[in-house]
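The values are calculated or read from the model by the stated rules, or taken from the named source; none is laboratory data. Computed from a predicted structure; not experimentally measured. Here Cβ is always computed from backbone atoms with ideal geometry, including for glycine, and neighbour counts include all displayed protein chains.
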């Protein structure tokens, strides 16, 4: 996951609006979003290399998401997979604050990350590059591959586009996917210097990334309304062929399994390529 945009407790109907892009090499095996076999309350895509995920939710309303912190000068070659941070939280019964407190010194075993955990009632942010737990305050937020709300051009643009959508009263999945499909690139003078080449800084600078080998593999929209009804919509982008959109809707009910809830449905449909 390389960009997460959030409108948290600013919309009268939707206390949580989240739109995120996962950027990755096209040859990394990945499973599309769905309920996991053996963990039927967990809805997420899956990294088939290490078994973790970049973004997921549970039937009880737990939410976890992670982005990498880009710092190639301080890479641990044998580091633990950052995707396991999300699945560990989603599969535990510990609240967000307790989970992050328990993570403690273990966070040094991972390469740089930004971790978002919690639920609609409380969202917490933690980065092992900053070392402190930060409650998400009501407002428009964004995180890419630096710290929360660092004003990189893609983060600033994404937050602005999301704020416009909220102000206009249009937070439909399609409106949010339009934001996530934005390919505008800033000028070189506005690019961050993260230790990669200028060519890579340019490539990674847009909200939606396209290249022959690396790019935005999936866009995800998550909406939770005032009735605690959740919509999870994933649009994946295979290297060849049209994007595929999958939708899941359910009410947040503690202790329910996906098969037992009539309001829960899962489907897939093909969609046109992003603009």
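Okay, here's what the table says:
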{"read-out": "Residues that are touching a helix residue (DSSP H, G or I) at 6+ places or on another chain (Cβ under 7 Å) and over 17 Å from residue 129 (Cα atoms), drawn from segment 76-93", "value": "89, 92"}
{"read-out": "Pick from segment 166-188, criterion touching a residue at least 60 places away in the same chain (Cβ under 8 Å) and touching a helix residue (DSSP H, G or I) at 6+ places or on another chain (Cβ under 6 Å), ranking: surrounded by the fewest Cβ atoms within 10 Å (Cβ to Cβ)", "value": "171"}
{"read-out": "Residues (surrounded by fewer than 16 Cβ atoms within 10 Å (Cβ to Cβ) and under 20 Å from the mean Cα position of the chain (by Cα)) located in segment 199-211", "value": "210"}
{"read-out": "Qualifying residues in segment 108-121 (those that are outside any strand (DSSP E or B) and touching a residue at least 24 places away in the same chain (Cβ under 8 Å)) - the one nearest to residue 76 (Cα to Cα)", "value": "111"}
{"read-out": "Residue within segment 77-96 that is over 27 Å from residue 223 (Cα atoms) and in contact (Cβ under 8 Å) with a residue 60 or more places away in the chain present", "value": "no"}
{"read-out": "So residue 191, is it within 17 Å of the chain's Cα centre (by Cα) and surrounded by 15 or more Cβ atoms within 10 Å (Cβ to Cβ)", "value": "no"}
{"read-out": "Selected residue (criterion: farthest from residue 18 (Cα to Cα)) from residues of segment 49-75 that are touching a helix residue (DSSP H, G or I) at 6+ places or on another chain (Cβ under 8 Å) and not in a strand (DSSP E or B)", "value": "50"}
{"read-out": "From the options 93, 79, residue that is over 18 Å from the mean Cα position of the chain (by Cα) and under 21 Å from residue 49 (Cα atoms)", "value": "79"}
{"read-out": "Lone unmet requirement of (1) touching a residue at least 40 places away in the same chain (Cβ under 8 Å); (2) surrounded by fewer than 17 Cβ atoms within 10 Å (Cβ to Cβ); (3) closer than 17 Å to residue 18 by Cα for residue 244", "value": "(3)"}
{"read-out": "Residues that are in contact (Cβ under 8 Å) with a residue 12 or more places away in the chain and farther than 17 Å from residue 232 by Cβ, drawn from segment 14-48", "value": "23, 24, 25, 26, 27, 28, 29, 47, 48"}
{"read-out": "Subset of segment 19-43 [in contact with a helix residue (DSSP H, G or I) (Cβ under 9 Å, 6 or more places away or on another chain) and either under 29 Å from residue 153 (Cβ atoms) or not in a strand (DSSP E or B) (or both)]", "value": "19, 20, 21"}
{"read-out": "Residue that is surrounded by the fewest Cβ atoms within 10 Å (Cβ to Cβ), among those in segment 38-60 that are out of contact with any strand residue (DSSP E or B) (no Cβ under 7 Å at 6 or more places or on another chain) and at pLDDT 95 or above", "value": "49"}
{"read-out": "Matching entry among 240, 196 (being within 23 Å of residue 54 (Cα to Cα), at pLDDT below 95 and over 21 Å from the mean Cα position of the chain (by Cα))", "value": "240"}
{"read-out": "Residue 157 vs. criteria without any contact (Cβ under 8 Å) to a residue 40 or more places away in the chain and either assigned to a helix (DSSP H, G or I) or surrounded by fewer than 15 Cβ atoms within 10 Å (Cβ to Cβ) (or both)", "value": "no"}
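This table checks each residue for (1) in a loop (DSSP other than H, G, I, E, B); (2) in contact with a helix residue (DSSP H, G or I) (Cβ under 9 Å, 6 or more places away or on another chain).
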position	(1), (2)
192	yes, yes
201	no, yes
218	no, no
223	no, yes
